[in-house]
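See structure below.
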Amino acid sequence: MFGYDHDTPESFERALEFALKHDFFFAAFNHLLPLPGTPVYRRLEREGRLIRPRWWLEPGYHYGEIVFQPKHFSPEELSVRARDARRAFFRTRSILRRSLSLLVRKPTLPMVYTFFSQNLTLQREVEAKFGLPLGENLDAWPK
């Protein structure tokens, strides 16, 4: 999860390197989304850093949009860096390299199937999710 006050642009690189070095089955690389009623939402509201305080009710809110002002980068940079980390992790070359590590562990056939099906699905979702409408604008979803 990225976007906390201690995160810097280097946080993305370190997290990606760690996940790849340790051959994670999969990883999310999500951005922080302050949900109403949570301590982080209240803190950001108190600090005047909520850009869209009622984002979940806004018809124009889309997946991947940052609704607060991060400390060390712009909202747009946070969104792009999270997406880019997911892209890098789910590149075909990355999936194949991580699958070699899986094969060394002598997995069962269902585990191999799960690894490839989930990783390939998540690879497609990296691009497909961004820009999807959320909140009250569900009629705008692609049909």
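Derivation of every value follows stated rules applied to the coordinates shown; laboratory data play no part. Since the model is a prediction, treat every value here as computed from it, not as a measurement. Positions of Cβ are generated from backbone atoms using ideal geometry, with glycine treated the same way; all protein chains shown enter the neighbour counts.
Return the pairs, sorted by first residue and then second, in which the second residue is of a type in the set (D, E, K, R), the first residue lies in the stretch 99-116 and is at negative phi, the beta carbons are less than 7 Å apart, and the residues are 6+ apart or on different chains. Qualifying pairs under 7 Å: Ser101/Asp23. Filter the stretch 52-85 for residues that are closer than 14 Å to Glu13 by Cβ and either in contact with a helix residue (DSSP H, G or I) (Cβ under 8 Å, 6 or more places away or on another chain) or in a loop (DSSP other than H, G, I, E, B) (or both) and give the result. Residues satisfying the conditions are His72, Phe73, Glu77, Arg81, Ala82, Asp84, Ala85. For the stretch 94-113, the tally of residues that are surrounded by 15 or more Cβ atoms within 10 Å (Cβ to Cβ) and more than 27 Å from Val80 (Cβ to Cβ) stands at 2. Residue-level check: of (1) charged (D, E, K, R); (2) touching a Gly at 6+ places or on another chain (Cβ under 7 Å); (3) within 26 Å of Thr121 (Cβ to Cβ), Lys21 misses just (2). Here Pro133 passes the criteria (1) under 20 Å from Phe2 (Cβ atoms); (2) touching a strand residue (DSSP E or B) at 6+ places or on another chain (Cβ under 8 Å); (3) in contact (Cβ under 8 Å) with a residue 60 or more places away in the chain; (4) surrounded by 14 or more Cβ atoms within 10 Å (Cβ to Cβ) except the one numbered (1). Listed conditions (1) out of contact with any strand residue (DSSP E or B) (no Cβ under 9 Å at 6 or more places or on another chain); (2) at negative phi are all met by Gly48, apart from (2).
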